[in-house]
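The values are calculated or read from the model by the stated rules, or taken from the named source; none is laboratory data. Here the structure is a predicted model, which is why all the values come from computation and not from measurement. Cβ placement follows ideal geometry from the backbone for every residue including glycine, while neighbour counts extend to all protein chains displayed. Protein only, heavy atoms only, side chains kept; ligands, DNA and RNA dropped before computing areas. Shrake-Rupley method; radii C 1.70, N 1.55, O 1.52, S 1.80 Å.
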Amino acid sequence: MDILLIAGLWLDGSAWDDVVPELTALGHRPVPLTLPGQGDGATSATLDDQLAAVVAAVDASPGKPLVVGHSAATTLAWLAADARPGKVAKVALVGGFPAPDGRAYADFFTAENGAVPFPGWEPFEGPDAVDLDQEARDSFAAAALPVPETVVKSVVRLTDERRFDVPVAIVCPEFTPDQAHQWIAEGDSPELARAKHLEYLDIDSGHWPMKTRPRELARVLAQAAL
């Protein structure tokens, strides 16, 4: 199966470099995506531009792909299901939950000169970054790409009710499947509360398992692809 890989804020397709060979060894065709505004100087890129790139990758797949979104990009993966409900086999959401219609994509951090730089590690202390040593933190921060303000402040638009028929795998890194299930039941994710086919997959890691547990993440994604 084609597995489209979309990383979260400050990351491009290279974030999946250690996951790609593991997925390939498991018999899949991983397709890491680098989107408009991710290191290409396109400071005016929008969420629509990024979604268009994801949809193009979905359309280019010879079959129905698994679309994987990490962190903020869980919303992009869900938007792809909304745009192509009959073409996406399944969505895997790693360490995040999709924003609902009408909400800003990822307006969480302060923008500077039209872009949102990596804010440092203070906002992520605790379970998010528990498995990143200092070397890994320094490497991540050095490679982090500022995100165009026009992306993070774009408003999410979901239009096709058929998205709720697309199966969803919730991959739980810094939180547990029980926690994810409870949050959805309590209304923290209106979109997933309406999804008809949910499964919960656990992985013992922090927020960036593609960096710290690439082999384990590949196995979890391969399980999601079944």
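Among the residues of the range 176-198, are any outside any helix (DSSP H, G or I) and under 21 Å from Val20 (Cα atoms)? Let's see the steps before the verdict.
Let us first name the residues in the range 176-198 that are outside any helix (DSSP H, G or I), namely 176, 186-189, 194-198.
With the extra rule that they be under 21 Å from Val20 (Cα atoms), the set shrinks to none.
No: zero hits.
Name every residue in the range 202-226 that is over 24 Å from Arg137 (Cβ atoms), of a type in the set (A, V, I, L, M, F, W, C) and free of Cβ contacts under 8 Å to residues at least 60 places away in the same chain, in order of residue number.
Within the range 202-226, just Leu226 meets the criteria.
Quick check: is even one residue across the range 14-28 open to solvent by less than 10 Å² (accessible area, probe 1.4 Å), over 16 Å from the mean Cα position of the chain (by Cα) and under 21 Å from Met210 (Cβ atoms)? Let's see the steps before the verdict.
Kept after step one, since they are open to solvent by less than 10 Å² (accessible area, probe 1.4 Å), are these residues of the range 14-28: 15-16, 19, 23.
After this cut, where a residue has to be over 16 Å from the mean Cα position of the chain (by Cα) as well, the list is 23.
Now restrict to residues that are under 21 Å from Met210 (Cβ atoms): 23.
Yes, the conditions are met somewhere in the range 14-28.
At negative phi, open to solvent by 20 Å² or more (accessible area, probe 1.4 Å) and at pLDDT 95 or above, is that true of Ala83? Quick ask: steps written out before the conclusion?
Numbers: at negative phi: yes; open to solvent by 20 Å² or more (accessible area, probe 1.4 Å): yes; at pLDDT 95 or above: yes.
Yes: the conditions hold for Ala83.
In the range 100-118, what count of residues is obtained for those that are touching a residue at least 60 places away in the same chain (Cβ under 8 Å) and within 24 Å of Thr176 (Cα to Cα)?
Going through the range 100-118 one residue at a time, the tally reaches 2.
Suppose we keep only residues that are without any contact (Cβ under 8 Å) to a residue 40 or more places away in the chain and under 18 Å from the mean Cα position of the chain (by Cα) within the range 185-200. Which one would you say is nearest to Asp160 (Cα to Cα)?
If we take residues in the range 185-200 being without any contact (Cβ under 8 Å) to a residue 40 or more places away in the chain and under 18 Å from the mean Cα position of the chain (by Cα), then Ala195 is nearest to Asp160 (Cα to Cα).
Taking only pairs six or more apart or across chains, which ones have beta-carbon atoms under 8 Å, a first residue in the range 119-147 that is touching a residue at least 24 places away in the same chain (Cβ under 8 Å) and in a loop (DSSP other than H, G, I, E, B), and a second residue that is basic (Lys, Arg) and surrounded by 12 or more Cβ atoms within 10 Å (Cβ to Cβ)?
Asp131/Arg213; Leu132/Lys211
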